[in-house]
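One structure is given below, encoded as structure tokens.
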Amino acid sequence: MIEAAEALQRLRAGNRRFVSDSEQHVSAARKHRSELVFRQEPFAIVLGCSDSRVPAELVFDQGFGDLFVIRVAGNVVAPSQVGSVEFAAERFGTRLVVVMGHSGCGAVRATLEELERPSESRSPNLRSIVDRIWPSVQGLLATDLRDDPDALLEGAIRANIRASADHLRHGSRTLEQMIQNDGLMVVGAEYSLETGIVDFFDGVQAQ
């Protein structure tokens with residue numbers, strides 16, 4: 001079993017390779033695939049956004065079997081996402097969970113638009129995503145950020161990431177016990193579409 005701190009260092013190193021165009025895992029993927037038919041030992045769980053520009057395996061330069069990836073628009077946390085994290089943490093002994101949002105997130109932008117101009121035409125399914133994001137971002141509209149759309153979006157993206165990470169830390173008795181007793185770490189991170197850099201900014205210093 002790989003401890004959370006070591007797993008985090010692996011992700012940081014992989015992202016540095018990605019940013020510097022020195023990836024290692026793509027060419028070895030086909031050979032490694034056959035070794036994982038009957039087992040897997042992912043060293044990190046990544047709950048990320050479904051955005052096509054943010055594939056976790058590429059962003060962290062990891063191969064088959066390295067990451068247990070859960071993707072949903074806006075990297076929101078609903079019961080199915082919590083259950084998926086619980087499953088991987090218990091079944092595979094994975095000790096690092098990363099909630100990874102990204103710059104320019106469309107789901108967060110749509111939520112801000114909804115708060116300012118409610119729309120009745122949005123489907124109930126899309127609204128369910130917006131409804132999970134708005135509690136963490138609505139307070140920002142009462143600050144000076146409301147006059148700076150770019151800064152507002154940036155702040156809202158990070159607030160949403162923090163909220164999702166906190167939900168995993170405190171919204172699941174199983175995960176909470178694993179954090180207290182088994183060394184599970186939940187951190188929040190933001191991927192920059194512009195630079196390719198992943199900034200781990202939430203839950204890291206506390207650990």
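Bear in mind that the values in this text are calculations on the coordinates, not laboratory data. Source: prediction; values computed, not measured. Ideal geometry is used to build each Cβ from the backbone, glycine not excepted, and the neighbour counts take in all protein chains shown.
Scoring 100-113, 45-58 by mean Cβ neighbours within 10 Å over their residues and listing the highest first yields 100-113, 45-58.
Each peptide in 158-168, 187-197 was scored by the mean count of other Cβ atoms within 10 Å over its residues; highest first, the order is 158-168, 187-197. Build a GNM of the chain with springs between Cα atoms under 10 Å apart, and of Phe43, Phe92, Phe60 the one that fluctuates most is Phe92.
Given a Förster distance of 22 Å, report the FRET efficiency between Ile197 and Thr143 from their Cβ-Cβ distance, rounded to the nearest 0.05. The computed FRET efficiency comes out at 0.25. Shape class of region 109-156 from the alpha-carbon gyration tensor: prolate, with a/c at 1.5 or above and a/b greater than b/c. Here the Karplus relation 6.51 cos²θ - 1.76 cosθ + 1.60, evaluated at θ = phi - 60°, turns the backbone of region 85-90 into coupling constants of 5, 4, 4, 5, 5, 7 Hz, with x for every Gly and Pro. Please give the helix 149-170 orientation as an angle from the longest Cα principal axis of the chain, in degrees from 0 to 90, rounded to the nearest 10. Helix 149-170 sits roughly 50 degrees off the main axis of the chain. Multiplying the residue separation of Ala151 and Asp21 by 0.36 nm and removing their Cα-Cα distance gives an extension gain of 43.9 nm. Electrostatic bookkeeping for Asp166 treats Lys and Arg as +1 and Asp and Glu as -1; over the other residues with beta carbon under 14 Å from its beta carbon, the sum is +2.
Taking Cα atoms, how many degrees apart are the long axis of helix 4-19 and the longest axis of the chain, rounded to 10 and kept between 0 and 90? It is inclined by approximately 80 degrees. At each listed q (0.19 Å⁻¹), what is the log10 of I(q)/I(0) that the Debye formula gives for region 94-192 modelled as equal alpha-carbon point scatterers? Once normalised to I(0) and log-transformed, intensities are -0.92. Between Asp202 and residues 5 or more places away or on another chain, which pairs have amide H atoms under 5 Å apart, with H built 1.01 Å from N, and which residues are they? Those qualifying (amide H under 5 Å, at least 5 residues apart or on another chain) are Gly188.
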